[in-house]
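One structure below.
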């Protein structure tokens, strides 16, 4: 490392988020950025580790010490090349990834870890600003064709890698815009959609074809695609939300998070929605069931829509403020995490379980009955802890149980694993020859960085299937 004593001389510093009062009035990203000199100082904190655990903590195995050193030396363009050698979309991971690399940072054993995520974001933003990100069309076409179904991070990564190998790639997306989870699952205040659009411009210039409103298995025959392409890659994500089967679930005003969140993203994009099916938190008592990232996204969205009150429920007990002894370094730590939305308002509730919903004479939800519970795995109700809250809008954000089964998977007859995800062999091939799968559809609900990892791996497997060998990383 260029500054071998940097970790002794400098303290961790991260850019503050935008002022809460200001950001609650708009849908722009909440983030700000450190100036260049401070970012280079943060890069100088990277240690000359014998074994850089950050690289194995990162699902795409980013060569983190190398590009940290290049940033410290003010060699940003080289840093961008190193970063892009392992990660197709660092602009996504540098913004929304929870940074397992930082959890595995060796410095993090007894000091705050290196600000890896912020440095990654700074590198790729500088690369775009300086025009270093250019379309890279393959020099030779193989004559092989591949259809990628789903345009989330795994589908986009697979498409870019397969196109680089020289295959003709078409991406099919059931929605009206490309991006999948990135487009409609993540609020604009966490990921501004121009970040997706500028990357799509690059991918299209590289020769990838995108087809929207193409719901394979519904309005496009999956079997016809199978006959038309040399290989299919299924990257449809994990779309089946976990339901809450308690009395009153049928009441109006109880919705899955992914019914609520995409609507606001569409409004921000200028779309006009059907007023009969629109969901608003404005002026309502909102209860969010689920304490994860999706629940936090519902919280931030509800606050911007000017909800009267917002409560977020989590059935698990409150994590400790610091890394739990049960998850020692370099494991992903069990500890309390505060999202930007939690800074903005609302109330977080731990060890809570919903018992039933109560409605009015018109069938609208009005009350939520709950009880405090003990620790897992039993979550036993605590006697005398029952309580009731006003509820005009309930958002279910309890995760996902696997891919949608009707349509694509049913038509192709793809085998599923014991968890309901698409079953593949070690080469990412499904039970049907020539059909592969990757991302959340295959591994289950996970992180964007894992989806990119899967997209890269399935691309190599497909390239090998088509050509007998592969030079893809």
So in the range 91-122, with the set limited to residues that are outside any helix (DSSP H, G or I) and within 17 Å of the chain's Cα centre (by Cα), which one is nearest to residue 196 (Cα to Cα)?
97
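Determine whether residue 356 is in contact with a helix residue (DSSP H, G or I) (Cβ under 7 Å, 6 or more places away or on another chain) and farther than 30 Å from residue 195 by Cα. Can you show your working first?
Values: in contact with a helix residue (DSSP H, G or I) (Cβ under 7 Å, 6 or more places away or on another chain): no; farther than 30 Å from residue 195 by Cα: yes.
Taking the combined requirement at face value, the residue does not satisfy it.
Under 22 Å from residue 382 (Cβ atoms) and either out of contact with any strand residue (DSSP E or B) (no Cβ under 8 Å at 6 or more places or on another chain) or outside the structural domain of residue 22 (by TED's automatic domain parsing) (or both): does that describe residue 347? Break it down into steps so the answer makes sense when it comes.
On the way: under 22 Å from residue 382 (Cβ atoms): yes; either out of contact with any strand residue (DSSP E or B) (no Cβ under 8 Å at 6 or more places or on another chain) or outside the structural domain of residue 22 (by TED's automatic domain parsing) (or both): yes.
Judged against the criteria, residue 347 is a match.
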Which one of the conditions (1) under 28 Å from the mean Cα position of the chain (by Cα); (2) in contact (Cβ under 8 Å) with a residue 12 or more places away in the chain; (3) assigned to a loop (DSSP other than H, G, I, E, B) does residue 436 fail to meet, given that it meets all the rest?
(3)
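Restricting to the range 441-463, name every residue that is over 22 Å from residue 56 (Cα atoms) and either assigned by TED's automatic domain parsing to the domain that holds residue 84 or touching a helix residue (DSSP H, G or I) at 6+ places or on another chain (Cβ under 7 Å) (or both). Steps first, please.
In the first step, residues of the range 441-463 are kept if they are over 22 Å from residue 56 (Cα atoms); the result is 441, 462-463.
Passing the criteria: 462, 463.
Based on this model, can you work out whether residue 130 counts as closer than 28 Å to residue 66 by Cβ and surrounded by fewer than 17 Cβ atoms within 10 Å (Cβ to Cβ)?
Values: closer than 28 Å to residue 66 by Cβ: yes; surrounded by fewer than 17 Cβ atoms within 10 Å (Cβ to Cβ): yes.
Answer is yes for this residue.
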Hey, residue 379 on the phi > 0 side of the Ramachandran plot and not in a strand (DSSP E or B) or not
yes
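When you scan the range 4-85 for helices (runs of 4 or more DSSP H) that lie fully inside it, which ones turn up with 3 or more residues that are surrounded by 13 or more Cβ atoms within 10 Å (Cβ to Cβ)? Spell out how you get there, then give the answer.
Details: elements: 6-9, 20-23, 36-43, 53-57, 64-72, 76-84.
Output list reads 36-43, 53-57, 64-72, 76-84.
Only one of these is assigned by TED's automatic domain parsing to the domain that holds residue 455, within 15 Å of the chain's Cα centre (by Cα), part of a loop (DSSP other than H, G, I, E, B) and on the phi > 0 side of the Ramachandran plot: 179, 207, 166. Name it. Can you show your working first?
Details: 207 fails: within 15 Å of the chain's Cα centre (by Cα); 166 fails: within 15 Å of the chain's Cα centre (by Cα).
Just one listed residue meets the conditions, 179.
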Check whether at least one residue in the range 187-195 is touching a residue at least 12 places away in the same chain (Cβ under 8 Å), more than 30 Å from residue 359 (Cβ to Cβ), in contact with a helix residue (DSSP H, G or I) (Cβ under 6 Å, 6 or more places away or on another chain) and part of a strand (DSSP E or B), and report yes or no.
no
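The values are calculated or read from the model by the stated rules, or taken from the named source; none is laboratory data. Just so it is clear, the structure is predicted and the values come from calculations on it, not from any experiment. Glycine also receives a Cβ, built like all others from the backbone with ideal geometry; neighbour counts cover every protein chain displayed.
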